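Worksheet: one structure, shown below.
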Amino acid sequence: MTHPVPPLTLCELSDTGLPGSPSWSPFCLKVHRALGHLGLPYARRHGAGPMAHRGVNPAKQVPVLLIGDEPVADSSRILARLDRLCEGRLGGALEPRARAESRLWEELADTAVNGFVVAARWIDADNWPRTRAAYFEQMPAVVRAIVPGRLRARVRGALVARDLLRAGEAACWERFEQLLDDLEARAPEAGEFWVGPTPSFADFALWGQLHALRTPLTPRQAERVAARPGLSRYLDAVGAA
Ligand SMILES: N[C@@H](CCC(=O)N[C@@H](CS)C(=O)NCC(=O)O)C(=O)O
């Protein structure tokens, strides 16, 4: 590393307590994994919700990484900044075509794949009680009786607007199966990562979303990922990288 990296603090939500899955947020998982891959030490600042970090998160979302005193919001912007601080080790050093491909896969993970994480947790009726317990356990009981249901209705509307639930839940899960089949067919050989021999933007983003589907909140979707051996082996490799 040419320049010393300033102290880093990751502003995020609560810890899950699950080994290997420090956050419920797929975008926070993405940043955790990138920082872990770079071997950079960092502090963690937990908040009950994104608004706990007001003042540093203009989009009212997590993650935000404080680099020294400077807040950097949005997981892709965070990875781009870390990449610049670490001599292209997150993908910036790839040749331009591979770098572009890595960023395009990052975009697919953060948008299309993320939609299925949100649907699995908030809309799948079997999973919803587990999501509600995990996300809202710290709320006072009176508030907990009202707020989660209202938020769920809002999330459903957002997923219709994202064109994920417009044709109904059965069609959504059919598309999920197709996406997993396509990712399984595209998964790299053992020892390789998504666009080359070392992990890059694509890997952290895909891992964040797909690993978020492997927690006890969404057992059916975890089982569907596990049914793809190439993809599962790849996710384990990124988790260990
Ligand atoms: N584009 C953002 C998305 C971050 C995001 O959606 N974070 C979620 C937690 S997983 C959040 O803060 N949601 C609160 C909200 O959108 O109100 C990124 O890549 O960091």
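Net charge in the neighbourhood of residue 65 (other residues with Cβ under 14 Å of its Cβ; Lys, Arg +1, Asp, Glu -1) is +2.
The amide H of residue 72, built 1.01 Å from its N in the peptide plane, has 65, 66, 67 as neighbours under 5 Å, considering only residues 5 or more places off or on other chains. Using a ≥ b ≥ c from the Cα gyration tensor of segment 96-240 (square roots of the eigenvalues), is it rounded, prolate or oblate, where a/c under 1.5 gives rounded and otherwise the larger of a/b and b/c decides, a/b for prolate? Prolate, since a/c reaches 1.5 and a/b exceeds b/c. As a rough footprinting exposure proxy, the listed residues 95, 184 were ranked by other beta carbons within 10 Å of their own, and the order from fewest upward is 95, 184. Placing a label point 7 Å from the Cα of residue 136 along the Cα-to-Cβ direction, the residues of segment 155-170 whose backbone N falls under 14 Å from that point are 155-156.
Run lengths n ≥ 4 of DSSP H only: what is the helix-derived mean residue ellipticity at 222 nm for the chain, with -39500 (n - 2.57) per run over all residues, to the nearest 500?
Details: 11 runs with 124 residues, N = 241.
About -15500 deg cm²/dmol.
If we count every other residue with Cβ under 12 angstrom of residue 32's Cβ, Lys/Arg +1 and Asp/Glu -1, where does the sum land? Around residue 32, the charge tally is +1.
Ordering 220, 144, 99 by the number of other Cβ atoms within 10 Å of each residue's own Cβ, fewest first, gives 220, 144, 99. Between 178, 209, 221, the residue with the greatest mean-square fluctuation in the GNM of the chain (Cα pairs under 10 Å linked by springs) is 178.
Any read-out appearing in this document is the output of simple, stated calculations on the displayed coordinates, not a laboratory observation. Note that the coordinates shown come from a computational prediction; the quantities given were computed from them, not determined experimentally. Here the Cβ is made from the backbone with ideal geometry for all residues, glycine too, and neighbour counts use every protein chain on show.
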